[in-house]
Amino acid sequence: MQTADDVRRLSDELARDPGSRVFVPLGEALRRQGQLDLALKVTVRGLERHPHFVDGHDLLARISVDRGDLERAFDEWDMVLRLSPGHLSAQKGMGFVCYQQGRFSEAEKYLAGAAEQGDVDEQLAAALVHVRDARREAAAIPRDPSRLPAGTAHDPRFLFSDVLVEAEQTALLLDRDGLVLAGAYVAWDGRDVGQEVGAELSGVTDAARRATRHLSLGEWTSIVFETEVAVVAMAPAASDGLLVLATSRTTPLGLVRRLLDRCTDRARKWMGGRI
Amino acid sequence: MSARPFASILDSLTRQRWVTAALVVSERDGIVVESNLQIGQSGDKVAALAASLYRKARLSAKAAGMGAVAFMQLEAPGGRICAVGGGDLVLVVVAEPAVNVGLVRVELLRAVSELLAIGGSEELL
């Protein structure tokens, strides 16, 4: 775990010797602390002095992912692979970027390439399985929006799968305690983090209601928050539940709202036993 | 140090049409650091609730690996609550339904760096 002291020490070191490669651990420490603009500045400046330094380009790619700039991340990892063919982190990263962009075949190619190197950790194996599933699901999405995918009609995890139109969209229905009722919340590495997200969001409904009542604004209808890589929209559901929708940052906010309405409608029907 | 260090940020926000309140709040404990409120409004409770909402949004984004929260908006028939975070501080705006959210969003995002600077973010380099 990097601390503010580490950052200060590395900053001093870089100030003493601006030509050193210490910009990489410094940029990484800043990235981990969420100081992305500063991390970007430090890394870009370092790469101006060391344009062929693989670790610098790898770091710049990861900073770009954190900033939601997937195209730049892809370009940087592409550079890493040109400088160091078969680079494990770059292959994983490009797999992630392709997955986020819905390019599942390419994602599978990069992740499989990383796996072939024999260093298959749990996260990589899970990501590979998820990408393969996503590829199969994308091919099987029905054209009739009133139907669920074949074989999944009774599986609540797939409740929103035909409402959501792109791979990076995900939706989740939580009960009043933040427990998952339906849907899934899939993180970039393929893990379903629905329970974790639900736990953090439990109490949102109550806090939102108290805030709007205190200000006499009426019952709240939606909460939207934008992160570095995603837009998350929430709406109240039956029995003090909460509907959570996440899309990529590139999805227009108007479309996010429409998707939220469609998911809310789907959740209402499901809760009412009409699906 | 000025007695009202965030005055220019808050003034520029409350100058927006249909904005009824602007507050700088500590995310950790929900305490008002500075505010511009209309007569009759009580900032303490809304500050605590808005900070709590923002904190939940930030923690859930972290749990999902989505990075930092840039902007949050709560919508209700009678108005909106918008917020951005900078360090330990949250800048909150309360507005009527007719407000131009796009403009408020731009103003809030623009204010983040100022919030960080005044709020004591570390200048590292």
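The values are calculated or read from the model by the stated rules, or taken from the named source; none is laboratory data. Here the structure is a predicted model, which is why all the values come from computation and not from measurement. Neighbour counts are summed over all protein chains in view; Cβ atoms, including those assigned to glycine, are modelled from backbone coordinates with ideal geometry.
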Taking the stated definitions as given, is A:Ala112 among the hydrophobic types (A, V, I, L, M, F, W, C), in contact with a helix residue (DSSP H, G or I) (Cβ under 9 Å, 6 or more places away or on another chain) and surrounded by fewer than 16 Cβ atoms within 10 Å (Cβ to Cβ)?
yes
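Give the residues of the stretch A:200-217 that are part of a helix (DSSP H, G or I) and either touching a helix residue (DSSP H, G or I) at 6+ places or on another chain (Cβ under 6 Å) or at pLDDT 80 or above (or both), sorted by residue number.
Step one: list which residues in the stretch A:200-217 are part of a helix (DSSP H, G or I), which gives A:200-201, A:204-214.
Selection gives A:Glu200, A:Leu201, A:Val204, A:Thr205, A:Ala207, A:Ala208, A:Arg209, A:Arg210, A:Ala211, A:Thr212, A:Arg213, A:His214.
If we keep just the residues of the stretch A:187-199 that are more than 7 Å from chain B (Cβ to nearest Cβ) and part of a helix (DSSP H, G or I), which is surrounded by the fewest Cβ atoms within 10 Å (Cβ to Cβ)? Show your work before the answer.
Filtering the stretch A:187-199 for residues more than 7 Å from chain B (Cβ to nearest Cβ) gives A:189-192, A:194-195, A:198-199.
Retained after the next criterion (residues that are part of a helix (DSSP H, G or I)): A:194-195, A:198-199.
On the way: A:Gly194: 27, A:Gln195: 15, A:Gly198: 23, A:Ala199: 18.
Step by step, filter the stretch A:187-199, then rank; the result is A:Gln195.
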Being in contact with a Phe, Trp or Tyr (Cβ under 7 Å, 6 or more places away or on another chain) and more than 10 Å from chain A (Cβ to nearest Cβ) is the requirement here; does B:Ala98 meet it?
yes
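Filter the stretch B:72-95 down to the residues that are facing chain A (nearest Cβ under 7 Å), of a type in the set (Val, Ile, Thr) and in contact (Cβ under 8 Å) with a residue 40 or more places away in the chain and list them by number.
Once the filter is applied, which keeps residues that are facing chain A (nearest Cβ under 7 Å), of a type in the set (Val, Ile, Thr) and in contact (Cβ under 8 Å) with a residue 40 or more places away in the chain, the stretch B:72-95 yields only B:Val94.
Residues in the stretch A:218-257 that are part of a helix (DSSP H, G or I) and either under 18 Å from A:Leu173 (Cβ atoms) or under 19 Å from the mean Cα position of the chain (by Cα) (or both): how many? Write out each step before concluding.
We begin by selecting, within the stretch A:218-257, every residue part of a helix (DSSP H, G or I); these are A:238-240, A:253-257.
This time we only want the ones that are either under 18 Å from A:Leu173 (Cβ atoms) or under 19 Å from the mean Cα position of the chain (by Cα) (or both), so: A:238-240, A:253, A:255-257.
Looking only at that region, the number is 7.
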In the stretch B:35-57, the residues that are surrounded by fewer than 19 Cβ atoms within 10 Å (Cβ to Cβ) and either among the basic types (Lys, Arg) or not in a loop (DSSP other than H, G, I, E, B) (or both):
B:Leu37, B:Asp44, B:Lys45, B:Arg55
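On the basis of being surrounded by 17 or more Cβ atoms within 10 Å (Cβ to Cβ) and under 27 Å from A:His130 (Cα atoms), does A:Val180 make the cut?
Numbers: surrounded by 17 or more Cβ atoms within 10 Å (Cβ to Cβ): yes; under 27 Å from A:His130 (Cα atoms): yes.
Yes.
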